Amino acid sequence: MKTILISLILLVITVRQDEKQIDTENSTVECIFTDRNVNGTIGDIQSESTLNWSAPKKSILKGSVAVTTLKTGNFLRDGHLVWDKYFNRSNYPRIYFESMAIEEKSTNTYSITGKLTVKVITKEVQLSAEKKANELELTGTIYTSDFDINISKRRSLPHWQK
């Protein structure tokens, strides 16, 4: 069974209407670690994306976030997550995404196939996207074990140690 650490990524991309470029200052990346019931954010978004609302297939979503900006509301947990055992900020300081295909499913709803690189492992991922005014909201499920980030399940103590 795969360990699920990040089960839902929510990326809200704010687009500068005049340029069709990503406004990284006002965009956010949120994550929900479902097996721990923890929410978090990742920042320092860098983007080389271009959105074409009239021809979505011509759009390019390409960017990265800094591992050191992972925040879950618990300083100790955040520190552990970026250490060598998990995300390894020293050797792999950024997480990268690049779209390979963008398909319009219905009005303002898209399916995005892309390459996600965490550490040196690149996997194909599927994201759903919805356009809301000048924002594009992307969601998807990612298994950290696919990227050699294995968070073990909490072990229950024997009854005599409780």
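I'd like to verify a number: residues in segment 102-126 that are of a type in the set (Val, Ile, Thr) and part of a loop (DSSP other than H, G, I, E, B), how many? Break it down into steps so the answer makes sense when it comes.
Taking segment 102-126 first, the residues of a type in the set (Val, Ile, Thr) are 102, 107, 109, 112-113, 117-118, 120-122, 125.
Subset that is part of a loop (DSSP other than H, G, I, E, B): 107, 120.
Count: 2.
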Q. How many residues, within segment 1-58, are modelled with pLDDT of 85 or more, assigned to a loop (DSSP other than H, G, I, E, B) and open to solvent by 60 Å² or more (accessible area, probe 1.4 Å)?
A. 2
Q) So how many residues does segment 127-162 have that are farther than 26 Å from Tyr110 by Cα, modelled with pLDDT of 80 or more and charged (D, E, K, R)? A) 1
Q: Considering each residue of segment 65-101, count those that are touching a strand residue (DSSP E or B) at 6+ places or on another chain (Cβ under 7 Å) and either assigned to a helix (DSSP H, G or I) or under 17 Å from Ser27 (Cβ atoms) (or both), and give that number.
A: 13
Q: Determine whether segment 59-76 contains at least one residue that is in contact with a Leu (Cβ under 7 Å, 6 or more places away or on another chain), more than 17 Å from Ile149 (Cα to Cα) and open to solvent by less than 50 Å² (accessible area, probe 1.4 Å).
A: yes
Q: Find the residue count for segment 132-150, including only residues that are among the aromatic types (Phe, Trp, Tyr) and outside any helix (DSSP H, G or I).
A: 1
Q: Residues being in contact (Cβ under 8 Å) with a residue 24 or more places away in the chain, in contact with a Lys or Arg (Cβ under 7 Å, 6 or more places away or on another chain) and among the aliphatic types (A, V, I, L, M): count how many of those fall in segment 66-86.
A: 2
**Q.** Filter result (within 19 Å of the chain's Cα centre (by Cα) and open to solvent by 70 Å² or more (accessible area, probe 1.4 Å)) within segment 101-127
**A.** Lys115, Val120, Thr122, Lys123, Glu124, Gln126
Q. Which of the residues belonging to segment 25-42 are free of Cβ contacts under 8 Å to residues at least 24 places away in the same chain and on the phi < 0 side of the Ramachandran plot?
A. Glu25, Asn26, Ser27, Thr28, Glu30
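The values are calculated or read from the model by the stated rules, or taken from the named source; none is laboratory data. None of the values given here were measured: they were computed from a predicted structure. Virtual Cβ from ideal backbone geometry, glycine too; neighbours counted across all protein chains shown. Accessible surface areas use protein heavy atoms only, side chains included; no ligands, DNA or RNA. Shrake-Rupley method; radii C 1.70, N 1.55, O 1.52, S 1.80 Å.
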